[in-house]
Amino acid sequence: MEKILQVKDLQVAFKTFGGEVQAVRGVTFDLLKGETLAIVGESGCGKSVTSQAIMGLIPSPPGKIAGGEIIFKNRDLTSLPEKEWRNVRGADISMIFQDPMTALNPTLTVGEQIIEGIIQHEKIARTQAKAKAIDMLNLVGIPVPESRMKQYPHQFSGGMRQRIMIAMALICQPEILIADEPTTALDVTIQAQILELFRDIQNRTGVSIVLITHDLGVVAQVADRIAVMYAGKIVETGTRREIFYNPQHPYTRGLLQSVPRLDREDAELIPIAGSPPDLFAPPTGCPFTARCESAMEVCSRVYPIETKLSEQHQVHCWLQDQRARKLAVPVITIS
Ligand code: SF4
Ligand code: MG
């Protein structure tokens, strides 16, 4: 399948009073045309920062892209001047956020905001823009859009506001939609409806989606492929099937064990003990070493390189890598 976006060895750092935080530490993945790729991990793992980098939204300073490339249409977006970003953002790559209330302007009607968004990107008359806005609201399932266009954001429910955000994000027919925790603020029923809407829109428009979430339930519903992030790195990538039924990284396994299962009432939730490493001074070896029950001596010293388990399944863990034995320090016993 065609690669619509290639992220190669992306590194993002932030300067703070306490020193430099290495938020993203060499992330590599492809986004295929028409797929939904979920980037999963705990808060602070670098998943949101990765998505901000793809949107050209790393605030600089204090942030900076310290290395790597983001290739879109034969161009490296990490070196795109802000002037050119304006043509990419919204038109080619669009983003929706967790809380629609902060992204919508409370003082303008929903109709005015959508129409403004269209006119900013396209040279069309207001009446045409209005017709387009109505079509879009129809597409995202807002009933009687003509009259609802005249209402303000606070007059909509959380789920409806998220639909409006999706409409606004899709208005210029972007090729990539980045959704950062798009359903976290919603209750479970509405969440399911919004996820259904994503699938429906993808079927109709062919848009490629990067879904950023900590919620494996959401991932199970919509993702084609999954990238698991930990401490600024992608530790395992695979199809939804591979990650859910054949997880190989101890962290992925831990995440799956900490998810409630509807089919097994007795199933115990086992949270992963310990906490992620300090990204002010990230470890040189596997960042999961301190929390990993299978950790070996080599793990704390050397970062495991990628092991390919299948066409789409890759993992960074010494357990999967024959070379671990060669790198192991022999145990010397002194008699
Ligand atoms: Fe655990 Fe070692 Fe694998 Fe890291 S590389 S996940 S510490 S076994
Ligand atoms: Mg986040």
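The values are calculated or read from the model by the stated rules, or taken from the named source; none is laboratory data. Treat the numbers as computed from the prediction; the structure is a model and nothing was measured. Every residue, glycine as well, gets a Cβ built from its backbone with ideal geometry; the counts of neighbours run over all protein chains shown.
Out of everything in segment 144-202 that is of a type in the set (Lys, Arg) and surrounded by fewer than 17 Cβ atoms within 10 Å (Cβ to Cβ), what residue ends up being nearest to Ser43 (Cα to Cα)?
Arg199
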Please tell me if Thr184 is β-branched (Val, Ile, Thr) and touching a Ser or Thr at 6+ places or on another chain (Cβ under 8 Å). yes
Output the number of the condition that His249 fails; it satisfies all remaining conditions of (1) surrounded by fewer than 17 Cβ atoms within 10 Å (Cβ to Cβ); (2) under 21 Å from the mean Cα position of the chain (by Cα). (1)
Residues of segment 114-125 being surrounded by 19 or more Cβ atoms within 10 Å (Cβ to Cβ) and either farther than 15 Å from Ser94 by Cα or among the hydrophobic types (A, V, I, L, M, F, W, C) (or both), in sequence order, are Ile114, Ile115, Ile118
Residues being touching a helix residue (DSSP H, G or I) at 6+ places or on another chain (Cβ under 6 Å), touching a residue at least 12 places away in the same chain (Cβ under 8 Å) and over 18 Å from His214 (Cα atoms) - total across segment 268-295: 4
Take the residues in segment 207-233 that are more than 16 Å from ligand 2 (Cβ to nearest atom) and hydrophobic (A, V, I, L, M, F, W, C), then tell me which one is surrounded by the most Cβ atoms within 10 Å (Cβ to Cβ). Ile226
Need pairs with beta-carbon distance below 6 Å; first residue within 9 Å of ligand 2 (Cβ to nearest atom) and within segment 38-66, second assigned to a loop (DSSP other than H, G, I, E, B) and not aromatic (Phe, Trp, Tyr); sequence gap 6+ or separate chains. Lys47/Gly41
Which of the residues belonging to segment 96-139 are over 21 Å from Ile178 (Cα atoms) and in a loop (DSSP other than H, G, I, E, B)? Pro106, Thr107, Leu108, Thr109, Glu122, Lys123, Ile124, Ala125
All positions within segment 114-173 that are free of Cβ contacts under 8 Å to residues at least 40 places away in the same chain and of a type in the set (Lys, Arg): Lys123, Arg126, Lys130, Lys132, Arg148, Arg163
Residue count, segment 166-183, condition closer than 20 Å to Gly206 by Cβ and within 16 Å of ligand 2 (Cβ to nearest atom), comes to 3
Which members of segment 143-157 meet the condition of being among the hydrophobic types (A, V, I, L, M, F, W, C) and either outside the structural domain of Glu112 (by TED's automatic domain parsing) or closer than 9 Å to Gly111 by Cα (or both)? Met149
Filter segment 1-37 down to the residues that are surrounded by 15 or more Cβ atoms within 10 Å (Cβ to Cβ) and either of a type in the set (Asp, Glu) or within 13 Å of ligand 2 (Cβ to nearest atom) (or both) and list them by number. Glu20, Ala23, Val24, Asp30, Glu35
Please pick out the residue among Pro330, Pro283, Pro276 that is over 22 Å from the mean Cα position of the chain (by Cα), within 13 Å of ligand 1 (Cβ to nearest atom) and either crowded, with 16+ Cβ neighbours inside 10 Å or modelled with pLDDT under 85 (or both). Pro283
Answer with yes or no whether Gly63 is on the phi > 0 side of the Ramachandran plot and in contact with a strand residue (DSSP E or B) (Cβ under 8 Å, 6 or more places away or on another chain). no
Check Leu309 against each of (1) near ligand 1 (Cβ under 8 Å from one of its atoms); (2) modelled with pLDDT of 95 or more and name the one condition it does not meet. (1)
Conditions: (1) modelled with pLDDT of 90 or more; (2) on the phi > 0 side of the Ramachandran plot. Ile96 meets all but one. Number of the miss? (2)
